[in-house]
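The structure under discussion appears below in the form of structure tokens.
Please treat every number below as a calculation from the coordinates, not as lab data. Model, not experiment: these values are computed from the prediction. Ideal geometry is used to build each Cβ from the backbone, glycine not excepted, and the neighbour counts take in all protein chains shown.
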Amino acid sequence: MKKAALLSIAMLGLTACSQGVQTMTDRTASPCGDKPNCVSTQDNREKYQLSPFVITSNTSIDSIEAAALQISGAKTAVKEDNYLRIECTSKIMRFVDDLELRIEGDRLLVRSESRVGYSDFGVNRKRAEQLRELLKAEKLIQ
């Protein structure tokens, strides 16, 4: 019984430290680090690279936000000018990943990264491609 209680406390502590980031600098233009838990349209390395998101003329940060919030566990953390940070929380372990989006000209810069851990088992790439499909369905990207 003591082991179960200690394990529960440890898990709560781990998940609590990954929640509620109040300030975070915009990293949309930055390539990913060396851990396989990030993908970005701004990274040239194959395992981190996302194909460009070319936006249509009617695309706004509001319309992108509406599409992104359809992703499971997504909530808006920061929205200012042409920048959006969506926090995506996993259902079971409550891990938080950051999906950062910025409109620059006719491109949408996309960066999705796990806050904790080494590998994300492809979750961030799947999320970015799900966003691509949602944006295509709304005719917000080509």
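Values as computed for the structure displayed
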| quantity | calculated |
| --- | --- |
| Any chance I103 is over 23 Å from T25 (Cβ atoms), touching a helix residue (DSSP H, G or I) at 6+ places or on another chain (Cβ under 7 Å) and crowded, with 18+ Cβ neighbours inside 10 Å | no |
| In segment 61-97, the residues that are touching a residue at least 24 places away in the same chain (Cβ under 8 Å) and within 14 Å of R107 (Cα to Cα) | I61, I64, Y83 |
| Every residue from segment 106-129 that is of a type in the set (S, T, N, Q) and buried (at least 16 other Cβ atoms within 10 Å of the Cβ) | S112, S114, N124 |
| In segment 114-139, the residues that are closer than 18 Å to T41 by Cα, among the charged types (D, E, K, R) and in contact with a strand residue (DSSP E or B) (Cβ under 7 Å, 6 or more places away or on another chain) | D120, R125, R127, R132 |
| Top-ranked residue of segment 62-80 - restricted to ones that are more than 22 Å from P31 (Cα to Cα) and in contact with a helix residue (DSSP H, G or I) (Cβ under 8 Å, 6 or more places away or on another chain), ranked as surrounded by the most Cβ atoms within 10 Å (Cβ to Cβ) | A67 |
